[in-house]
Structure formats: structure tokens, C-alpha cells
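Scroll down for the structure; my scribbles are underneath it.
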Ligand SMILES: *Cc1c(COP(=O)(O)O)cnc(C)c1O
């Protein structure tokens, strides 16, 4: 498959802007931090999932799909964005919400992304952690088929080699934009979860012969699990493009020391980073992904990971709707910071 001929639906506003973060850079004492605003991809509240969904729904339409069936955690950003895209294309959408984050507040279960799912009119079913959410998803797809629908199933996070093509394309976007706007980046940093973002970026960069390190800050799994997840996804993505061997195990850099107690659970460092970036740059991160990635990046900077004169590009992968759902868990700190 060729990236330019892969089925794709145009949904995103591209290229997303690159902005300097001078006040964060100054507060950190260097290096120079920049942010690629993938929180502004243009569909609904934006985020990295929009780039994946362009290719996933391209494939779905090519296969004659009438219903999109997908899964994610309760506050998944992938779910409402998939539902929004399905609305745009006149497709039905069924969502499976896994209750696997131990937060029981009303806001967590009703606000943020959950509210958006309802707004889009998507069917949704909540399953407890003890149930296999992918099996429920497959069962819903089978029911849809029995009703005469043609379902297209998207796994967690839209992370398949097809979804990763969105970030293969983004790698080229970053390089072209850097040349046009006069940037020269030494590192890319972003949150990594279901792995297609980092896998796609690495495949895209290495296919262009660019050796830039891409540092994935893990948000759920321990380092060996996360790096294998990224490596496997990168290999499968390169194979899809007919270019096996594009990415080697040495290319995978994952930092998983910033997860805290688990996926979706607030850490003090995440809270601090989220508040600092809001108050220094007016930029809204999210508590599950970009907040932890920012906490990780700033900690790496404090520990001298980046040379003082480096230019570091943080990809803001989106997720700000979850801020509303997490208000109770961010609240304590908001209070104490005001005192
Ligand atoms: C899904 C998501 C990520 C992680 O991307 P993966 O491709 O799953 O690794 C990062 N940030 C936000 C806001 C997300 O919703």
C-alpha cells in the first residue's frame, strides 16, 4: 500500500500549527520547547485520533460499512471523535465503554467525553473491567450484521496499522512545516498509549531517512510492554506500506516512569505540569495523556536529558474534554495553588 493512495476521508485541519512555548522553556531553564497543536486537528475538540480516523473511516467506506463499532475507556477521546466522524459521513456508530479506571465521581461518568458521545447520538454500552470489552465489541458487530448492517470494527485507540498511517503522514507534515517555517527540531516528545501515534511517526520519519529521536511518554504500561507495543505496531505499519525493516528496536524510546498508579489516574507531577502550562502559556493539556507527557518531558529536562541548546517539539495529542470530567480530582490542587 502507498500512503498517497490509501483510502482517506478528509476531516482534519492540516497542517496543525507549531508554536513556541517561551515561558515554559524559560521556567524549565532550557532547552527550547515547541508545541505542535494536534489538539487543534479541527474535528470536534481535535486530538491525535482525528488523523487516525481519516484513514480508518476511509477503509470503512471502501469496505461498504454502514455502522462503526468501537471501544475505549469511559473517558476515551477516541470514542466521541469516531462518533463525530460517523455523523459527518452519515454512518451509525456503536460504542463500548470500559469501566477500568477506578474513578467513581459523577463527573467522570457523565461529563467530558461521555457527554459528547450522547450529543452525537452514538449507541453506548458500559462494561465492567471484568468483561472482555473487545469481545463485547465483536458481539455488537455480529448483531449489527444480523440486522443487515455492514459493521466496521475499530480496536482501542484506533490503533491499527491503518490508523497509524495518520501519523506516518504527520511525520512528513512536521518535516515540511519545519523547513517552511525555519525550525530545526532535535527531539519529538508525546504521550504514548495504544502505540499507533509513536509507531506512525517513527515509520514516517525513518522512511524519509530522518533519524530524529521520538520519545513516547507512557501512560499505562510498564516500559518493556510499551516499547514492544510500539515496536510491533511500527513493524506492522511498515509492512502495510511494503517497507518492512524501516524501524528497528533501537528506534523505540519509551519512558514509562510517569504513569503513577495507573492509566487515567492523576499524579501530582501531572497536576503540576498541567497547571504550569495553563498558567504560563494559556495552553490546556489533559489529565490522562498530554499532562503526564508534559510532566515527563519537564522532568527529563530537569535531569539534563536534553542538551541546553536543543529544540524539542512536544506533540499536543489533545484530550482536553476530559478536563471537565476530572474536575473533582484536579480541584484540591486548584484550591491550594490559589492560597
Ligand atoms: C489516544 C491518545 C494518545 C495516545 O495515542 P496512541 O496512538 O494511543 O499511543 C495521546 N493523547 C491523547 C489525548 C489521546 O487521546
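The values are calculated or read from the model by the stated rules, or taken from the named source; none is laboratory data. Just so it is clear, the model here is predicted, and its values are computed rather than measured. Positions of Cβ are generated from backbone atoms using ideal geometry, with glycine treated the same way; all protein chains shown enter the neighbour counts.
Quick notes on this structure:
- Number of the exception - residue 93 against (1) closer than 28 Å to residue 1 by Cα; (2) surrounded by fewer than 23 Cβ atoms within 10 Å (Cβ to Cβ): (2)
- Scanning region 255-270 for residues that are farther than 21 Å from residue 76 by Cβ and either buried (at least 17 other Cβ atoms within 10 Å of the Cβ) or modelled with pLDDT under 95 (or both) yields 255, 269.
- Residue under evaluation residue 171, criteria (1) surrounded by 17 or more Cβ atoms within 10 Å (Cβ to Cβ); (2) more than 16 Å from the ligand (Cβ to nearest atom); (3) under 23 Å from residue 292 (Cβ atoms), criterion not met: (2)
- Among the residues of region 42-73, those that are in a loop (DSSP other than H, G, I, E, B), surrounded by fewer than 24 Cβ atoms within 10 Å (Cβ to Cβ) and in contact with a helix residue (DSSP H, G or I) (Cβ under 6 Å, 6 or more places away or on another chain) comprise 43, 44.
- Options 264, 209, 216, 260; residue that is free of Cβ contacts under 8 Å to residues at least 60 places away in the same chain, in contact with a strand residue (DSSP E or B) (Cβ under 7 Å, 6 or more places away or on another chain) and either over 26 Å from residue 328 (Cα atoms) or not in a strand (DSSP E or B) (or both): 216
- Residue in region 195-203 that is assigned to a loop (DSSP other than H, G, I, E, B), within 13 Å of the ligand (Cβ to nearest atom) and buried (at least 24 other Cβ atoms within 10 Å of the Cβ) present: yes
- Here residue 311 qualifies as modelled with pLDDT of 95 or more, more than 18 Å from the chain's Cα centre (by Cα), away from the ligand (no atom under 12 Å from the Cβ) and closer than 23 Å to residue 15 by Cα.
- Just one of the numbered conditions (1) at positive phi; (2) within 16 Å of the ligand (Cβ to nearest atom) is not true of residue 121: (2).
- Top-ranked residue of region 294-308 - restricted to ones that are under 11 Å from residue 33 (Cα atoms) and within 15 Å of the ligand (Cβ to nearest atom), ranked as surrounded by the fewest Cβ atoms within 10 Å (Cβ to Cβ): 297
- Note on region 232-254: among residues that are away from the ligand (no atom under 13 Å from the Cβ) and assigned to a helix (DSSP H, G or I), the one that is surrounded by the fewest Cβ atoms within 10 Å (Cβ to Cβ) is 250.
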